[in-house]
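Novice: The structure under discussion is supplied below as structure tokens; questions concerning it will follow.
The values are calculated or read from the model by the stated rules, or taken from the named source; none is laboratory data. Predicted model, so just to flag it, every value in this text is computed and none were measured. Here the Cβ positions follow ideal geometry from the backbone for every residue, glycine too, while neighbour counts run over all protein chains shown.
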Amino acid sequence: MATRSPNKPQKTRNASRTAATGERAARSAQALQPEGAGQAASQLSGNAPVAQTAAVAEDPNTELAVIDVAQHDADTAAGSGATVSLASNTEADASRLTAQDAPRAADIAAVPHDSTPGLQGSKGTNGAPPHVASVVAQPPHPTPNVHPSDPIQTRRLMHRATKIVATIGPASSTQDILLQMIQAGADVVRLNFSHGTADDHRQRAEFVREAARQAGREVGIMADLQGPKIRVGKFENGKTTLVAGNTFILDAECELGNDERVGLDYKDLPRDLKPGDTLLLNDGLIVLSVARVIGNEIHTIVKIGGDLSNNKGINRQGGGLTAPALTAKDMEDIRTAMSLGADYVAVSFPKNATDMEMARQLANIAGAPYGIKPKMIAKIERAEAIPALQGILDASDGIMVARGDLAVEVGNAAVPALQKRMIKMARDANKFVITATQMMESMIHAPVPTRAEVSDVANAVLDGTDAVMLSAESAAGKYPVQTIETMAAICVEAEKSEHVELDKDFLDRTFTRIDQSIAMGALFTAYHLGAKAIVALTESGSTALWMSRHWTHVPIFALTPRTGSERAMAIYRNVTPLQLDTSSDRDIALAQALEVVVGKGYAARGDMVVLSVGEPMGQAGGTNTLKIVRVGEPV
């Protein structure tokens with residue numbers, strides 16, 4: 001924190017700081033204005049009105065700075081009304097300071113990926129406090145102030161590469177909340193088929209599509225199958241309490257449980273177990289040791305007790321259960337998912353490539369009447385999936401690091417290293433990867449995350465994940481919109497510190513396809529020439545996927561005439577999918593692509609842009625041309 005000069009009056013210092021900030025904004029805006037727009041930029045000088053300003057206060061006892069964005073008029077810009085929230089993890093109440101007391105002005109908050117330009121500052125739903133606009137650490141390089149009337153500058157500074165998957169549920173099933181979630185930064189909406197009916201999912205999917213239309217951008221829909229989750233049955237009184245040292249029986253024939261025994265939904269479980277096996281119930285909160293197996297009864301000794309209620313899950317430590325990856329319910333849910341137009345199908349508990357191949361075959365058959373071939377996601381949550389990971393990757397389009405059930409089977413301590421390994425393997429295999437489970441768990445009830453959660457999200461970003469996922473936080477939490485905004489801000493900050501190793505990647509790669517070499521060449525060229533953007537014209541989205549496997553800090557805009565491809569690319573890291581009118585003429589298509597990118601504020605006159613396209617047009621996998629152009633010059 002900067003020290004205050006004892007010889008300079010506070011008001012004078014504040015006025016000087018405000019004037020300097022306005023001058024910097026004016027210079028930045030002037031530099032980015034198209035021809036003929038200099039007059040508008042010249043108004044941004046001195047203490048001219050600033051419509052939205054964010055200020056950050058830092059405190060030596062507070063590690064988490066939360067920007068609270070407020071509307072300002074000319075008087076506010078002069079230094080009278082901006083407010084700053086400081087949120088600690090132990091106290092929900094925020095300290096309020098004026099902008100004059102803030103040690104520095106925040107250059108940026110977090111405009112959601114591909115959302116409406118400008119900073120968001122509305123009050124949260126259900127009487128929640130104003131939403132968190134950014135959670136920031138000191139940026140490695142200063143960035144200029146952003147004026148909301150300059151969408152080009154705003155877009156550039158606020159670009160977020162890491163995508164957000166948000167689960168919808170009781171707290172987020174209305175169209176209004178869904179619209180706010182998409183505007184806040186949700187790129188993919190997850191439908192959890194473990195809960196709800198087919199009609200529930202259809203209605204929610206319709207709400208998602210309408211909310212996306214209102215937001216002006218496509219989002220993906222993920223159908224997450226329940227899978228063979230092995231559970232205990234029901235109890236006479238809804239639950240029982242297990243005491244350490246006591247015996248307890250898991251009985252495949254029991255209809256209604258009591259204090260001595262309970263039934264099983266997977267009747268073959270006794271065949272999978274032997275004396276000495278350890279069973280983990282209720283996500284590992286209860287631990288049972290198998291003493292003996294007699295027919296359909298598993299006799300256990302309680303090692304760690306606790307309350308056990310209806311339908312809680314069962315895992316065997318170390319894995320090894322034989323339950324199939326796809327149940328009859330999953331097969332019916334796949335048909336439902338295809339009927340509502342799901343873009344991705346997430347398969348729970350696959351053990352090997354065969355499980356994923358079977359799921360893909362079922363999904364393709366169910367999707368054929370609707371012209372849909374969804375992207376298949378393998379949820380890695382079984383211990384036996386780890387040694388089979390390469391085969392699972394080969395049979396999938398992407399994977400989910402499902403840390404909940406995986407941690408129960410392999411142990412909590414093993415998960416962080418496995419997460420890094422899985423993310424790297426997925427990127428090396430040209431597959432996308434989602435990191436999930438309890439990323440912002442405290443925000444189910446609290447308006448700000450814990451420091452550990454901020455670090456967890458940031459580390460997943462630094463590991464190279466394509467997307468981070470919210471489960472109960474957005475499905476049943478009190479602050480679904482604020483949680484997405486906060487997660488988006490964390491991603492933006494983490495991405496600033498990522499290192500580019502493109503030269504090494506380029507030298508180590510061997511290409512067998514022309515479109516792959518063009519994709520890598522576009523990255524290499526854009527990075528070393530300092531291009532503002534890469535614009536990829538793509539039919540299937542494969543070119544954009546290959547580009548997204550390497551981090552260059554150069555945003556990638558993938559333009560496609562296919563709505564399905566646009567939605568499928570919503571989960572690719574650093575890729576902004578956009579709709580492009582169908583054209584069979586390459587030069588016309590390239591000109592249209594530049595118009596779209598410039599029109600949406602992603603590039604300006606004079607910017608260098610790298611283009612990739614295939615000729616003849618309209619063929620998937622046909623990318624064979626790389627062009628370097630400046631905006632405003634003939635393509």
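Novice: Counting just the residues of region 548-588 that are of a type in the set (A, V, I, L, M) and in a loop (DSSP other than H, G, I, E, B), which one comes out nearest to Ala161 (Cα to Cα)?
Specialist: Filtering region 548-588 for residues that are of a type in the set (A, V, I, L, M) and in a loop (DSSP other than H, G, I, E, B), the one nearest to Ala161 (Cα to Cα) comes out as Val554.
Novice: Follow-up. Among the residues of region 323-331, are any free of Cβ contacts under 8 Å to residues at least 40 places away in the same chain and part of a helix (DSSP H, G or I)?
Specialist: Looking for residues that are free of Cβ contacts under 8 Å to residues at least 40 places away in the same chain and part of a helix (DSSP H, G or I), one finds at least one in region 323-331, hence yes.
Novice: Can you tell me which residue is nearest to the chain's Cα centre (by Cα) among those in region 334-359 that are part of a helix (DSSP H, G or I) and closer than 19 Å to Val188 by Cα?
Specialist: Ala337
Novice: Applying the selection to region 270-319, what residues are more than 16 Å from Val408 (Cα to Cα), among the aliphatic types (A, V, I, L, M) and not in a loop (DSSP other than H, G, I, E, B)?
Specialist: Val290, Ala291, Val293, Ile294, Ile298, Ile301, Val302, Leu308
Novice: Any residue that is modelled with pLDDT of 95 or more, crowded, with 21+ Cβ neighbours inside 10 Å and under 22 Å from Phe432 (Cα atoms) - is there at least one of those in region 329-337?
Specialist: Yes, because at least one residue in region 329-337 is modelled with pLDDT of 95 or more, crowded, with 21+ Cβ neighbours inside 10 Å and under 22 Å from Phe432 (Cα atoms).
Novice: If you don't mind, there's one more thing I want to ask. Please tell me if Leu256 is surrounded by fewer than 15 Cβ atoms within 10 Å (Cβ to Cβ), on the phi < 0 side of the Ramachandran plot and touching an Asp or Glu at 6+ places or on another chain (Cβ under 8 Å).
Specialist: Yes.
Novice: Of all residues in region 213-251, which are more than 30 Å from Ala186 (Cβ to Cβ) and polar (S, T, N, Q)?
Specialist: Asn237, Thr240, Thr241, Asn246, Thr247
Novice: Let me ask something else. Which numbered condition in (1) without any contact (Cβ under 8 Å) to a residue 40 or more places away in the chain; (2) over 19 Å from Asp277 (Cβ atoms) is the only one that Ala342 fails?
Specialist: Condition (1) is where Ala342 drops out.
Novice: Another one. Before we move on, is Ala366 touching a helix residue (DSSP H, G or I) at 6+ places or on another chain (Cβ under 8 Å), in the same structural domain as Arg335 (by TED's automatic domain parsing) and either touching a residue at least 60 places away in the same chain (Cβ under 8 Å) or under 17 Å from Phe432 (Cα atoms) (or both)?
Specialist: No, not satisfied.
Novice: Quick test of your reading of the structure: Ser172 fulfils all but one of (1) part of a helix (DSSP H, G or I); (2) in contact with a Leu (Cβ under 8 Å, 6 or more places away or on another chain). Name the failing condition by number.
Specialist: Condition not satisfied by Ser172: (1).
Novice: Next up: Select from region 203-233 the residues that are part of a loop (DSSP other than H, G, I, E, B) and touching a Gly at 6+ places or on another chain (Cβ under 9 Å) and list them in ascending order.
Specialist: Selection gives Lys229, Ile230, Gly233.
Novice: Can you name the condition, by its number, that Gly521 falls short on among (1) modelled with pLDDT of 85 or more; (2) crowded, with 18+ Cβ neighbours inside 10 Å; (3) in contact with a Phe, Trp or Tyr (Cβ under 9 Å, 6 or more places away or on another chain)?
Specialist: Answer for Gly521: the failing condition is (2).
Novice: Tell me which residues, restricted to region 360-375, are outside any loop (DSSP other than H, G, I, E, B), closer than 22 Å to Ala570 by Cα and not hydrophobic (A, V, I, L, M, F, W, C).
Specialist: Correct list: Arg360, Asn364, Gly367, Tyr370, Lys375.
Novice: Look at Leu225 and say whether it is within 36 Å of the chain's Cα centre (by Cα), buried (at least 18 other Cβ atoms within 10 Å of the Cβ) and among the hydrophobic types (A, V, I, L, M, F, W, C).
Specialist: yes
Novice: Kindly check whether there is at least one residue in region 243-255 that is assigned to a loop (DSSP other than H, G, I, E, B), without any contact (Cβ under 8 Å) to a residue 60 or more places away in the chain and of a type in the set (Phe, Trp, Tyr).
Specialist: Within region 243-255 (the criterion being assigned to a loop (DSSP other than H, G, I, E, B), without any contact (Cβ under 8 Å) to a residue 60 or more places away in the chain and of a type in the set (Phe, Trp, Tyr)), the answer is no, since none of the residues qualifies.
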